[in-house]
Amino acid sequence: MNIFKKIVALLVICIVPSIAHSKTLKIGVAGEPSSIDPHYHNVGPNNMFSTNIFSMLVGQDENQQTIPDLATSWKPINDTTWEFKLRNDVKWHDGSKFTADDVIFTATRAPNVPKSPASFGIYLKGKTFVKIDDYTVHVKTEKPYPLMANDLSVVKIISKKHGENATTEDYNSGKAAIGTGPYKFKQYVKGDKIVLEKNSDYFGKKPEYDTVEIKPIKSGPARVAALLSGDVDLIDGVPPVDVKKLKKNKKVQLSSGPSNRVIYLHIDQFREKSPHVRAIGGGDIKNPLMDVRVRKAISLAINRDAMVAKVMEGLAIPAGQLLPKGFHGVSENMKPDPYDIKTAKQLMKEAGYGKGFELTIHGPNDRYINDAKIAEALGQMLSKIGIKCKIETMPKAVYFKRASAGGPDKTPEFSMMVLGWGAGSGEASSPLKSLLATHNKEKGMGGANRGRHSDPKVDALIDKALATVDSPARGKILAEATELAVGKNYGIIPIHYQVNTWGAKAGYSYLPRTDEYTVVAGFQKK
Amino acid sequence: MTVYILQRTLQSFVVLFVMSLIVFCGVNLIGDPIYMMISPESEPAEIERVIKEFGFDRPVLEQYWFFLKNVASGDFGRSFVQGIPALPLILERFPATIELAVFSLFISLVIALPLGVYAGLYPERKSSKIIMSGSILGFSMPTFWVGIMLIMLFAVKLDWLPSTGRGELGTFLGIESSLFTLNGLSHIFLPALNLALFKLSSVLRLTRAGTREVILQDYIKFARAKGLSHSRVINVHLLKNILIPVVTVIGLEFGSLVAFSTVTETVFAWPGAGKLIIDSVYNLDRPVIVAYLIIIVAFFVFLNLIVDILYSFLDPRVRIKGSSE
């Protein structure tokens, strides 16, 4: 009898919460944040997760257009000063009021977190924050700076009261994880789950769920299985191989959308002798990739439609520039290069490489969707114009170090490599500055320029754009720079834009985001 | 005896030292994780700051010397990726892994012992042959694939069990474990079964071989001649004798269950140490990799030592060298 009573009690405990209609949302995500501290690690999964608990001055909508968040409006009041007007109705999760002091404090902590493997300093460098009154902040720079709102849309605002002297551990334990976002921190079990609770005082659209559970499930098939079995309501990173089958499944609803990530080739154009280029038969050869005609021939030899249809299972968009249309600074005139073997062969002949050459293409095998397959397909396509390709792919842990600084004197090691770039700021200036501007440590330009493309005209255009506060005018200059650097110089060769797929339980869908983030607000009833 | 234990402990320290040196240099040989961790938009100056802050600009041996000095004071360094001390990071994940290993050991014993004895008693029966060929599958099927299949069958098609994660924790006798709640048990069942499959096959084969050997022994014949019941002969005389090799193997294999549950933990998103180590390897998180391997090696050395010592007590024929002469 006693045991029977216990069983009944247990059943009651199990059933009662569901009677109380507590609404719980469970999300299975591919990437786990490395910390709850919003300023510890400037990397996708962390920035995505912290938007649940914290807010920014400026937000980004699903197409990465800037929208008001903690700031209601912002405008340049002179060449070197931006004025931000703050909301006066915002409360921290502990009930205290949000003011300009918190913003000033954030600007001092965010770039200076000890042991940060990727600091937020890059967004706050050269900016001086001044409090004008409780709800007005001025940000001063030395030179005119147009990307103010974009930069500040990545930095989470933290509470001065809880953030002073707080360590990264204090955020992980929840002690300092006091934000202004739609959900409050409740529990963090590393590797298992992060549990959030509704913040009824949220200043934006009221959060819909009482509890949100975010579960990192790294393995793709396991994530799909968790959705199919109903253990989670939403997953990101649906593997392309499963998409066709899941589309027919009535238990799930897939949502796909293009991302800000372009998959492209970086090409060695700064070494007379490139380490992975050989003449046919293996002899030494002057680096043919320095010739723009050869680079153009390579671009024409890539059958982008076949790449999208066969390798990417339809989940990509052929690319002709740095960002898909709709983003700021995208050129209206540029289309993906056509597949044209005849012209490509002609160009190779003109450049003096009619007989072709040998080349090793390097790529990662665990970073981008189907990355190793992309490299293999490229090798086959280039063989049609006489370039005999060897393909070498490797884990990202090895790849990125070698691709960036594996050669002598910390130069890039490879001759041609498959890479991807996601424009975090949502503007063409991001890839232009990092991938195509002349590599220059002092100027802080070309940080990821692994082919060392260098054209003074492109550099001048980028500099001009970065000093043009007027938005439409800047867009035009960025488009012009892209047309020159990609369209004419073939500084990089774009292949396709990645398309990301989310899976939701039946009756719901997810509003795809170009920044690849999975946020609670995007999960909607159909 | 004391001399022997001291000797062994000293040897263990040498093993640990050599292992840490190899792992430290090996991970360094692959590269450093800077270009993977850093935001791609970082400017060259920021990349240099991180390289300096993590000490990657120093020679490997100097980094290693620094590491040794810290270890001497109990500090295994901080995880590059998570920024918190490596040792507590690993230790807080161990309970989940150990509970998974214990439960899967339990499953493999419960299934394998009776089946193994049966197959050993009646080797000519068709059912025995099916059991034995079935055990080959347990050996040869890849854990990853079996895990996904288990999820597809029990979680997706039948909807009996959850597919992912660890369940609620309960406390019993001061130990916190998901084995003490119904929800926790439902979560642990599939990953434990997945992990048990390999062990199950080896225990089954061991049991069968033992049974076939023991059943021909004189004392079994004598017991039968004495008129003891069939079940008593099997349960007492036979089982007791075949258990000795089985227990030995299990004792040693428990270590490997704990150390190599990585695949199962990844498939089932089980928050154990195995998942942590595989993530750390992917991220080249050197402090965590080195600390984890030191713990695991220490664990193995300790298990072996215990088994050796127990042997000398259990079986007087086994003498420990150096203690008796």
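For segment A:285-294, give me the residue count where each residue is touching a residue at least 60 places away in the same chain (Cβ under 8 Å) and touching a Pro at 6+ places or on another chain (Cβ under 9 Å).
Looking only at segment A:285-294, we keep the residues that are touching a residue at least 60 places away in the same chain (Cβ under 8 Å), and these are A:285, A:287-289, A:291-292.
Right, trim to touching a Pro at 6+ places or on another chain (Cβ under 9 Å) and you get none.
Looking only at that region, the number is 0.
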Task: Tabulated pairs, segment B:74-97, first assigned to a helix (DSSP H, G or I), second surrounded by 19 or more Cβ atoms within 10 Å (Cβ to Cβ) and of a type in the set (Val, Ile, Thr), C-beta under 6 angstrom, 6+ apart or interchain - done: B:86/B:288; B:97/B:258
Open item on the list: I'd like to know if segment B:212-220 contains one or more residues that are surrounded by 22 or more Cβ atoms within 10 Å (Cβ to Cβ) and more than 14 Å from every other protein chain (Cβ to nearest Cβ).
Closed with: no
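For residue A:393, are the conditions met, namely being in a loop (DSSP other than H, G, I, E, B) and open to solvent by 10 Å² or more (accessible area, probe 1.4 Å)? Talk me through it step by step, then tell me what you get.
Working: in a loop (DSSP other than H, G, I, E, B): no; open to solvent by 10 Å² or more (accessible area, probe 1.4 Å): yes.
Criteria not met by residue A:393.
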Open item on the list: Being within 14 Å of chain A (Cβ to nearest Cβ) and more than 23 Å from the chain's Cα centre (by Cα) is the filter here; which residues of segment B:119-161 pass it?
Closed with: B:152, B:153, B:154, B:155, B:156, B:157, B:158, B:159, B:160, B:161
TODO: Can you tell me which residue among A:386, A:407 is of a type outside the set (Ser, Thr, Tyr), open to solvent by less than 30 Å² (accessible area, probe 1.4 Å), in contact (Cβ under 8 Å) with a residue 24 or more places away in the chain and touching an Asp or Glu at 6+ places or on another chain (Cβ under 6 Å)?
DONE: A:407
Task: segment A:96-121: number of residues that are of a type in the set (Gly, Ala, Ser), touching a residue at least 40 places away in the same chain (Cβ under 8 Å) and either within 14 Å of chain B (Cβ to nearest Cβ) or open to solvent by 40 Å² or more (accessible area, probe 1.4 Å) (or both) - done: 4
TODO: Kindly provide the set of residues from segment A:419-444 that are touching a helix residue (DSSP H, G or I) at 6+ places or on another chain (Cβ under 7 Å), closer than 26 Å to residue A:56 by Cα, facing another protein chain (nearest Cβ under 10 Å) and not aromatic (Phe, Trp, Tyr), ordered by number.
DONE: A:423, A:424, A:425, A:433, A:444
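Report, by residue number, each residue of segment B:89-99 that is facing another protein chain (nearest Cβ under 10 Å) and of a type outside the set (A, V, I, L, M). I'd like the intermediate steps shown before the answer.
Filtering segment B:89-99 for residues facing another protein chain (nearest Cβ under 10 Å) gives B:89, B:92-93, B:96.
Hits for segment B:89-99 are B:92, B:93.
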Open item on the list: Between a residue in segment B:32-51 that is β-branched (Val, Ile, Thr) and any residue that is modelled with pLDDT under 80 and open to solvent by 40 Å² or more (accessible area, probe 1.4 Å), which pairs come within a Cβ distance under 7 Å, given they are 6 or more apart or on different chains?
Closed with: none
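Residues are listed down the side, and each one gets a yes or a no for (1) open to solvent by 20 Å² or more (accessible area, probe 1.4 Å); (2) out of contact with any His (no Cβ under 6 Å at 6 or more places or on another chain); (3) part of a helix (DSSP H, G or I); (4) under 22 Å from residue B:166 (Cβ atoms):
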{"site": "B:101", "(1), (2), (3), (4)": "no, yes, yes, yes"}
{"site": "B:107", "(1), (2), (3), (4)": "no, yes, yes, yes"}
{"site": "B:123", "(1), (2), (3), (4)": "yes, yes, no, no"}
{"site": "B:136", "(1), (2), (3), (4)": "yes, yes, yes, no"}
{"site": "B:146", "(1), (2), (3), (4)": "no, yes, yes, yes"}
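Residues checked against (1) open to solvent by 40 Å² or more (accessible area, probe 1.4 Å); (2) over 27 Å from the mean Cα position of the chain (by Cα); (3) within 12 Å of chain A (Cβ to nearest Cβ):
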{"site": "B:2", "(1), (2), (3)": "yes, yes, no"}
{"site": "B:17", "(1), (2), (3)": "yes, no, no"}
{"site": "B:28", "(1), (2), (3)": "yes, no, yes"}
{"site": "B:38", "(1), (2), (3)": "no, yes, yes"}
{"site": "B:42", "(1), (2), (3)": "no, yes, yes"}
{"site": "B:56", "(1), (2), (3)": "no, yes, yes"}
{"site": "B:66", "(1), (2), (3)": "yes, yes, no"}
Task: Close pairs (7 angstrom Cβ cut-off, 6 or more residues apart or separate chains): assigned to a helix (DSSP H, G or I) in segment B:148-167, surrounded by fewer than 19 Cβ atoms within 10 Å (Cβ to Cβ) anywhere - done: B:148/A:221; B:154/B:160
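Can you tell me which residue among A:81, A:128 is touching a His at 6+ places or on another chain (Cβ under 9 Å), in the same structural domain as residue A:66 (by TED's automatic domain parsing), open to solvent by 40 Å² or more (accessible area, probe 1.4 Å) and over 30 Å from residue B:89 (Cβ atoms)?
Numbers: A:81 fails: open to solvent by 40 Å² or more (accessible area, probe 1.4 Å).
Every option except A:128 fails the conditions.
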TODO: Read through the list (1) touching a helix residue (DSSP H, G or I) at 6+ places or on another chain (Cβ under 9 Å); (2) open to solvent by 10 Å² or more (accessible area, probe 1.4 Å); (3) at pLDDT below 95; (4) not aliphatic (A, V, I, L, M), then give the number of the only condition that residue A:288 fails.
DONE: (2)
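On the basis of being open to solvent by less than 40 Å² (accessible area, probe 1.4 Å) and in contact with a Phe, Trp or Tyr (Cβ under 7 Å, 6 or more places away or on another chain), does residue A:91 make the cut? It would help to see each step written out before you state the result.
Details: open to solvent by less than 40 Å² (accessible area, probe 1.4 Å): no; in contact with a Phe, Trp or Tyr (Cβ under 7 Å, 6 or more places away or on another chain): yes.
Answer is no for this residue.
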- [ ] Scan segment A:430-478 residue by residue and report those that are crowded, with 17+ Cβ neighbours inside 10 Å, in contact (Cβ under 8 Å) with a residue 60 or more places away in the chain and of a type in the set (Ser, Thr, Tyr).
- [x] A:454, A:468
Open item on the list: If residue A:243 meets every condition in (1) open to solvent by less than 30 Å² (accessible area, probe 1.4 Å); (2) part of a strand (DSSP E or B) apart from one, which number is that one?
Closed with: (2)
TODO: Kindly indicate which of A:498, A:524 is open to solvent by 40 Å² or more (accessible area, probe 1.4 Å), in a strand (DSSP E or B) and touching a residue at least 12 places away in the same chain (Cβ under 8 Å).
DONE: A:524
Open item on the list: Taking the conditions exactly as written (among the polar types (S, T, N, Q) and assigned to a helix (DSSP H, G or I)), does residue B:186 satisfy them or not?
Closed with: yes
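Taking segment A:283-305, which residues are assigned to a loop (DSSP other than H, G, I, E, B) and not acidic (Asp, Glu)? Steps first, answer last, please.
Here is the first cut: in segment A:283-305, the ones assigned to a loop (DSSP other than H, G, I, E, B) are A:283-287, A:291, A:302-303.
Selection gives A:283, A:285, A:286, A:287, A:302, A:303.
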- [ ] Go through segment A:56-118 and tell me which strands (runs of 3 or more DSSP E), entirely inside it, have 2 or more residues that are closer than 17 Å to residue A:179 by Cα and touching a strand residue (DSSP E or B) at 6+ places or on another chain (Cβ under 7 Å).
- [x] A:58-60
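Here is a yes/no grid of residues against (1) within 14 Å of chain B (Cβ to nearest Cβ); (2) over 27 Å from residue A:30 (Cα atoms); (3) modelled with pLDDT of 90 or more; (4) assigned to a loop (DSSP other than H, G, I, E, B):
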position: A:269; (1), (2), (3), (4): no, yes, yes, yes
position: A:274; (1), (2), (3), (4): no, yes, yes, yes
position: A:281; (1), (2), (3), (4): no, yes, no, yes
position: A:307; (1), (2), (3), (4): no, no, yes, no
position: A:337; (1), (2), (3), (4): no, yes, yes, yes
position: A:358; (1), (2), (3), (4): no, yes, yes, no
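The values are calculated or read from the model by the stated rules, or taken from the named source; none is laboratory data. Just so it is clear, the model here is predicted, and its values are computed rather than measured. Please note: Cβ atoms are built from the backbone with ideal geometry, for glycine as well, and neighbour counts cover all protein chains shown. When the accessible area is computed, the model is the full protein with side chains, heavy atoms only, and any ligands, DNA or RNA have been set aside. Shrake-Rupley method; radii C 1.70, N 1.55, O 1.52, S 1.80 Å.
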